[in-house]
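Student: The structure under discussion is supplied below as structure tokens; questions concerning it will follow.
The values are calculated or read from the model by the stated rules, or taken from the named source; none is laboratory data. Values in this document were obtained by computation on a predicted structure and should not be read as measured data. Every residue, glycine as well, gets a Cβ built from its backbone with ideal geometry; the counts of neighbours run over all protein chains shown. Surface areas here come from the heavy atoms of the whole protein model, side chains and all, with no ligands, DNA or RNA. Shrake-Rupley method; radii C 1.70, N 1.55, O 1.52, S 1.80 Å.
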Amino acid sequence: MLPELLQGTDAGGFLIIQDSAGYCGRHVLKSFIHAALNREEAVHVLGFEVSEEELRDGLKGSHTQRLHFHNAFTDPLGWSDHPAFTVHRFTLEELTHLVKQTSQPKPAILVIDSLSWILRHVSPSAVCQTLQQLKKGGAVRAIIGLLHADMHQRGTVGSVCHLATSVITVAPGIKGDEGVAKITKRSKSGKVMQDEEIFNIKEDLTVVVQSKPSHIGSKQPDTDEQETDPTANLTFNLRLSDTEREAKGKLALPFVFSKEKKTALLHSGPGSGRILYEPDANDDYDQEDPDDDLDV
């Protein structure tokens with residue numbers, strides 16, 4: 001699924017690369033930038049964490065002319081008189097104006113490096129609102145953001161990832177140059193697809209998928225464990241012996257009439273009580289058959 005995402009995010013898509021201190025996801029982010037430039041798409045990068053030189057390291061060729069870096073690394077909070085880009089300009093109006101300053105035939109891809117920097121200085125609700133407006137506004141074709149999950153509360157990470165159409169969670173692999181990507185992709189119909197792949201990144205920023213994790217550490221249930229009787233170690237008995245089962249069958253349950261008792265009740269013997277009724281003159285008794293009018 002990782003190569004499929006690298007081929008191009010759908011229009012209006014929002015992809016999050018979620019990493020932690022154990023594995024940096026910036027190399028994966030640069031692989032997505034490299035793939036977009038090779039598709040001859042314009043890419044706008046909001047750089048908060050690394051300089052332009054560090055970001056362009058490894059991105060070679062004439063395609064880099066379509067890479068537009070907006071420097072938020074030098075002065076992200078706007079302490080100088082003329083900052084290039086600040087975290088407080090992360091609004092729909094500012095970003096739309098920023099992207100449209102460069103002439104391109106089709107909407108560009110917006111890369112945010114990183115969302116964690118913005119979330120540390122802007123409320124999560126405002127960030128989510130801006131991201132949702134960008135998805136539907138049409139100023140950008142797709143959004144790709146890097147998110148350091150271990151820097152935020154679980155609710156903040158969940159709120160941002162809820163807006164994403166695809167989430168790639170990267171973690172270190174067994175070998176030094178390998179990484180593990182857990183991918184969650186939501187289609188427009190609402191279907192959720194999940195996958196897990198082992199990958200490595202070459203020097204030219206191409207991603208090579210090795211295989212799927214085998215989960216060696218997961219324990220498979222043994223046959224003996226599956227056939228274990230759960231009632232074996234109880235302090236009381238849930239099973240009946242043959243003697244107990246026979247005694248249960250002979251037990252006369254209350255309020256259950258036997259044949260002898262039914263016969264005695266239905267056929268009264270001598271000396272039993274009877275009810276005699278004599279009609280009174282004032283009784284409203286209709287002698288006619290109520291079904292005389294029926295043609296039967």
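Student: Consider a paramagnetic label point 7 Å from the Cα of ALA11 along Cα→Cβ; state which residues of the range 86-104 have an amide N under 18 Å from it.
Tutor: Taking a point 7 Å out along Cα→Cβ of ALA11, the residues of the range 86-104 whose backbone N falls under 18 Å are 100, 104.
Student: Hey, can you find the accessible area per residue of the range 1-96 for me, probe 1.4 Å, expressed in square angstrom?
Tutor: Accessible surface, normalised per residue, equals 46 Å².
Student: If you don't mind, another one. Evaluate the charge dipole of the chain about its Cα centre and quote only its size in Debye, nearest 20, assuming +1 on the Cβ of each Lys and Arg and -1 on the Cβ of each Asp and Glu. List each step's numbers first, then the result.
Tutor: Numbers: 31 positive and 43 negative charges, 457 e Å.
Using Cβ point charges on Lys, Arg, Asp and Glu, the chain gives about 2200 debye.
Student: To continue, here is another question. Mean residue ellipticity at 222 nm from the helices of the chain, using -39,500 (n - 2.57) per DSSP H segment of n ≥ 4 over the full residue count, to the nearest 500 deg cm²/dmol?
Tutor: Result for the chain, helices only: -7500 deg cm²/dmol.
Student: What does the charge count around SER51 come to, taking other residues whose C-beta lies under 14 Å from its C-beta (Lys +1, Arg +1, Asp -1, Glu -1)? Each step should come with its number before you reach the end.
Tutor: Numbers: positive: ARG26, LYS30, ARG56; negative: GLU49, GLU52, GLU53, GLU54, ASP57, ASP75, ASP113.
Local charge sum for SER51: -4.
Student: Another question, if that's okay. Could you tell me the largest-minus-smallest coordinate of the C-alpha atoms of the chain on each of the three principal axes, in descending order and whole angstroms?
Tutor: If we take the Cα atoms of the chain, the spans are 117, 63, 43 Å.
Student: Whose amide H sits under 5 Å from the amide H of ALA42, counting only residues 5 or more places off or on another chain, with H placed in the peptide plane?
Tutor: Under 5 Å from the amide H of ALA42: ILE109.
Student: Could you give the length gained on full extension between GLU94 and LYS262, defined as 0.36 nm per residue of separation minus the Cα-Cα distance, in nm?
Tutor: Once the chain is fully extended between GLU94 and LYS262, it gains 51.3 nm.
Student: Roughly how many debye, to the nearest 20, is the charge dipole of the range 52-92 about its Cα centre, given +1 on each Lys and Arg Cβ, -1 on each Asp and Glu Cβ, and no other charges?
Tutor: Roughly 260 debye for the range 52-92.
Student: Could you tell me, in Å, what Rg and Dmax come out for the Cα atoms of the range 84-190?
Tutor: Gyration radius and largest Cα-Cα distance of the range 84-190: 15.2, 45 Å.
Student: What angle do you read, to the nearest 10 degrees and between 0 and 90, between the alpha-carbon axis of helix 124-137 and the longest principal axis of the chain?
Tutor: Helix 124-137 sits at roughly 80 degrees to that axis.
Student: Given the pairs LYS106/LYS212; LYS191/LYS212; LYS100/LYS185; LYS30/LYS135, which are separated by over 27 angstrom at their Cα positions? Please list the in-between numbers first.
Tutor: On the way: LYS106/LYS212 36 Å; LYS191/LYS212 22 Å; LYS100/LYS185 29 Å; LYS30/LYS135 21 Å.
Among LYS106/LYS212; LYS191/LYS212; LYS100/LYS185; LYS30/LYS135, the Cα-Cα distance tops 27 Å for LYS106/LYS212; LYS100/LYS185.
Student: Could you compute the net charge surrounding LEU163? Neighbours are other residues with a C-beta less than 13 Å from the C-beta of LEU163; K and R count +1, D and E count -1.
Tutor: Counting the neighbours of LEU163, the net charge comes to +3.
Student: Another question, then. For the chain, with the dipole built from +1 on Lys and Arg beta-carbon atoms and -1 on Asp and Glu ones, taken about the Cα centre, which of VAL99, ALA139, ALA11 lies farthest toward the positive end?
Tutor: Value: VAL99.
Student: Something else about it: GLN210 to TYR23: FRET efficiency via 1/(1 + (r/R0)^6), r the Cβ-Cβ distance, R0 22 Å, to the nearest 0.05?
Tutor: Numbers: r = 15 Å, r/R0 = 0.70.
It comes to 0.90.
Student: Taking the simple approach of a point 7 Å from Cα along Cα-to-Cβ for both ASP242 and CYS128, what is their distance in nm?
Tutor: Between ASP242 and CYS128, the label points sit 6.8 nm apart.
Student: Which FRET efficiency value, to the nearest 0.05, is calculated for LYS202 and HIS162 with the Förster distance at 35 angstrom and r the Cβ-Cβ distance?
Tutor: That gives a FRET efficiency of 0.60.
Student: Continuing with the same structure: Considering the dipole of the chain built from charges on the beta carbon (Lys and Arg +1, Asp and Glu -1) around the Cα centre, which of PRO279, THR165, VAL256 is farthest to its positive end?
Tutor: Highest projection toward the positive end goes to THR165.
Student: D for the range 1-131, whole µm²/s, Stokes-Einstein with Kirkwood Rh over alpha-carbon pairs at 25 °C and 0.890 mPa s: what number?
Tutor: After rounding, the answer is 158 µm²/s.
Student: Something else: Report, to the nearest whole %, how much of the accessible area of the chain belongs to carbon and sulfur atoms, 1.4 Å probe, protein only.
Tutor: Of all accessible area on the chain, carbon and sulfur atoms account for 52 percent.
Student: Straight-line reach from LYS261: which lysines fall under 23 Å, measuring Cα to Cα and dropping same-chain residues less than 8 apart?
Tutor: Correct list for LYS261: LYS248, LYS250.
Student: Among THR231, THR96, THR243, which one shows the highest mean-square fluctuation when the chain is modelled as a Gaussian network with alpha-carbon springs under 10 Å?
Tutor: Among THR231, THR96, THR243, the largest GNM mean-square fluctuation belongs to THR243.
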